[in-house]
Amino acid sequence: MRNDLMYVIPAGSHTSEAIVAILDCHPEIKFVSLVGIDLAGNDTDEKIPVKIFKKDINDFFTGSAVQTDGSSVVLTGIASLNNAKVDMLADPTVNWFVDYNYEHIDIQTGKPVGTLRIPAFLEHDGVRVDSRSILAQSLQYVSKELLTLLKSGKKISGLEHVNGEDVEEIIFTSGTELEFWIKTPAEKAPVEELSATQAMQENYWARTRGDARTALEESLLMMANYGLEPEMGHKEVGGLKAQIDESGAVTHVVEQLEIDWRFANAMQAADNELQARILVKEVFRENGLEVSFKAKPIIGVAGNGEHTHVGFAAKMKNGKIVNLFAPNDMKADFMSAVGYGAIMGVLKNYEAINPFVSATNDSLNRLKPGFEAPVCIVTSLGHNPAVPSRNRTILAGLVRDVNNPLATRFEVRAPNPFTNTYIALSAFYLAMVDGVKAAVSAGKTTEELLAELSKDAGTPGFYLEKDRAYRSEHDVFEDYSAEERDRLFGKPPATVWENMKGIEKYPDKVAVITAGNAFRKPLVDAFVNGALLRWKTELTTRIIPENLDMIREYQCLHNQTTGTDVDDEKWAKINALRVYLAKDSKAQKSLFCRLKSALAAGEYDAASDMQIEMSAKMEELKSMYSNYKKNMIDCCIE
């Protein structure tokens with residue numbers, strides 16, 4: 001950690017003259033990189049010598065300085081091989097970060113070589129087509145709609161103290177947090193042991209030690225250098241107790257951590273999250289630890305979430321900030337009408353939002369009962385306004401502090417570290433404003449809106465669907481059966497295909513997130529097509545081969561001398577399942593073969609069903625083989 005480095009160039013300092021002056025004062029910054037975000041959330045990175053950047057600096061703001069091959073990034077169906085040129089335009093409205101290579105020291109300055117990473121928009125045929133542009137344009141639309149409502153003179157229940165004519169601008173308060181697994185390279189921990197430590201709560205908020213502690217502390221200090229304002233770092237629920245070798249070093253690290261930092265406006269919050277992931281991975285790597293941000297890196301134990309906080313605030317002409325979710329009387333109401341409308345908009349339209357939050361096999365592996373990850377489209381407010389909710393089983397929960405109205409917001413628990421935060425925030429805010437417009441236009445009081453949100457399934461509502469329930473203060477995993485959850489809150493998608501089908505199945509809800517033409521249909525189609533391509537490719541080239549390798553490892557461990565009739569019976573069932581999954585015969589193709597054939601033929605309904613069956617059968621096989629091994633005393637592999 002060094003105090004003589006330039007880590008961030010704040011928004012508002014991006015005139016050509018100011019930037020050149022900063023670069024002249026910091027010759028260790030050798031390169032510039034324009035950072036565009038494709039529809040899958042991947043960030044571009046390139047090395048442009050600072051000398052060229054300074055010479056053509058004005059062209060970087062118009063898009064004429066740098067182009068990329070759009071067919072090589074995820075702009076499926078937009079940029080093609082015969083029309084691949086994509087222009088990159090620097091965004092001067094946000095912070096620019098400097099990424100340092102601490103393994104490459106500049107001889108002239110004695111400092112690590114730096115690259116100025118400049119957030120950028122991607123433009124194809126004169127139209128912006130990237131994730132940052134979708135968020136920027138969505139926020140413009142939502143801001144316009146909210147300002148129109150506030151200035152209409154219509155009474156808004158719970159916000160009687162706010163004069164719409166005094167509102168200067170809308171502020172989109174957003175924040176993310178980062179959960180991740182760390183381990184020493186090549187370390188493999190048994191799932192049963194990880195599950196046991198999770199069940200016994202041996203790790204959550206426990207003391208970190210050794211390299212893990214050092215890396216965590218360095219990450220928090222580094223985040224502060226970049227202006228991310230870290231608030232906390234701690235152990236999460238998953239992991240094992242590390243061991244100490246003869247020299248006193250901590251070894252065999254396998255544990256889960258979480259880092260939290262301060263909220264920002266929506267665009268900066270998404271940029272901050274990208275920067276946090278970069279520096280966390282680099283700092284832990286420098287300390288000899290591997291980092292995984294996968295939603296479910298280890299099947300059977302806790303996955304990584306990235307709970308996303310969203311809210312609306314108004315900046316008044318006198319400079320005061322007013323939280324539009326917070327009611328005038330915090331002890332009498334949970335929220336204002338704007339707050340109720342916002343959460344109702346997310347819940348009602350979540351089938352059209354979910355594809356953009358959970359777009360991978362990995363993300364859907366996490367969203368299963370039993371691991372504190374949300375499954376149902378349901379919210380929790382708390383038992384009364386004086387007692388905040390801490391229900392961890394719901395999709396989106398109200399976060400509030402009676403003594404601090406500015407803290408009122410919603411925490412959406414479904415995103416994971418590889419969710420495209422730019423697009424997810426766009427979908428959240430677009431759905432929120434739809435609900436707000438409905439609540440305010442109907443002139444509903446906070447009491448009426450609370451009743452609507454709390455209604456039983458089968459009760460008609462002015463906005464929410466009749467046959468669904470939307471609020472529960474119960475543990476939705478323990479207090480409802482699977483059948484009850486599906487009936488009350490809707491059946492969750494089990495595969496990427498099932499999730500993406502929501503775009504076709506719910507056109508009215510898709511219309512909500514395409515309102516304002518920021519997230520227009522070609523971009524929605526491109527996102528979906530890209531997600532489905534990755535779904536098919538990953539199943540064929542990664543998941544099935546990995547399952548096949550696992551099946552090959554499951555070998556018979558006994559013979560007539562070492563085994564018993566129990567071993568014979570167990571192995572016969574195991575081997576029959578191995579054959580069903582992976583071995584073809586003239587009479588019948590294996591499940592793996594049939595799944596690959598369905599994917600190749602575009603028979604996605606059948607492929608999706610077979611993926612579900614494959615996952616269940618593989619879990620059954622793992623359990624059966626584990627029980628078989630436990631009966632072994634003397635092993636003789638033949």
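Nothing in this text is a laboratory measurement; each read-out follows from the coordinates by a stated rule. Since the structure is predicted, the reported quantities are computational estimates derived from the model, not experimental observations. Here Cβ is always computed from backbone atoms with ideal geometry, including for glycine, and neighbour counts include all displayed protein chains.
Relative to one another, the C-alpha centroids of the stretch 284-333 and the stretch 106-179 are positioned 16 Å apart. Think of the stretch 533-630 as having a plus end and a minus end, set by charges on the Cβ of Lys, Arg, Asp and Glu; of Ala616, Leu595, Ser626, Leu595 sits farthest toward the positive end of this dipole.
For the chain, the square roots a ≥ b ≥ c of the C-alpha gyration tensor eigenvalues yield an a/c of 1.5 or more together with a/b not exceeding b/c, which makes the shape oblate. Packing order of peptides 424-434, 6-16, highest average first: 424-434, 6-16 (average count of other Cβ atoms within 10 Å over each peptide's residues). Ranked by the mean number of other Cβ atoms within 10 Å of their residues, highest first, the peptides 600-607, 446-453, 100-107 come out as 446-453, 600-607, 100-107.
Across the stretch 551-559, computed HN-Hα scalar couplings (Karplus, 6.51 cos²θ - 1.76 cosθ + 1.60, θ = phi - 60°) run 4, 5, 6, 7, 9, 5, 10, 9, 9 Hz from first to last residue, x flagging Gly and Pro.
Each peptide in 41-51, 463-473 receives the mean, over its residues, of other Cβ atoms within 10 Å, and ordering these scores from highest gives 463-473, 41-51.
Around the Cα centre of the chain, unit charges on the Cβ atoms of Lys, Arg, Asp and Glu (plus for the first two, minus for the last two) sum to a dipole of about 980 debye. In terms of its alpha-carbon gyration tensor, the stretch 48-171 comes out oblate; a/c meets the 1.5 threshold, while b/c is at least as large as a/b. Coupling constants for the stretch 23-33 follow from the phi torsions by the Karplus curve (6.51 cos²θ - 1.76 cosθ + 1.60, θ = phi - 60°), and in residue order they are 5, 5, 7, 10, x, 5, 7, 9, 9, 10, 9 Hz; glycine and proline get x.
Using just its DSSP H runs of length 4 or more, each adding -39500 (n - 2.57), the chain gives a mean residue ellipticity at 222 nm of -12000 deg cm²/dmol after division by all residues. Does the stretch 270-375 classify as rounded, prolate or oblate by the C-alpha gyration tensor (a ≥ b ≥ c root eigenvalues; a/c under 1.5 gives rounded; else a/b over b/c gives prolate, otherwise oblate)? Oblate, since a/c reaches 1.5 and b/c is not below a/b. Checking the Cα-Cα distances for Lys154/Lys501; Lys455/Lys505; Lys144/Lys320; Lys296/Lys455; Lys294/Lys505; Lys296/Lys596 against a 27 Å cut-off, the pairs over it are Lys154/Lys501; Lys296/Lys455; Lys294/Lys505.
For the pair the stretch 19-50 and the stretch 499-515, the centres of their Cα atoms are 36 angstrom apart. For Glu177, the amide hydrogen comes within under 5 Å of the amide hydrogens of His307, counting only partners 5 or more places away or on other chains and with H modelled in the peptide plane.
Centre-to-centre, using Cα atoms only, the stretch 520-535 and the stretch 381-457 are separated by 28 Å. The label point for Glu217 and the one for Ser481, both projected 7 Å from the Cα toward the Cβ, are 5.4 nm apart.
Taking amide H positions as modeled 1.01 Å from N, with prolines and chain starts lacking one, no residue 5 or more places away or on another chain lies under 5 Å from Val162. Bridging of Lys586 to aspartates and glutamates at a Cα separation below 20 Å is possible for none of them, once same-chain residues fewer than 8 apart are set aside.
For Leu34, the residues whose modelled amide H falls within less than 5 Å of its own, excluding neighbours fewer than 5 places apart on the same chain, are Glu46, Ile118.
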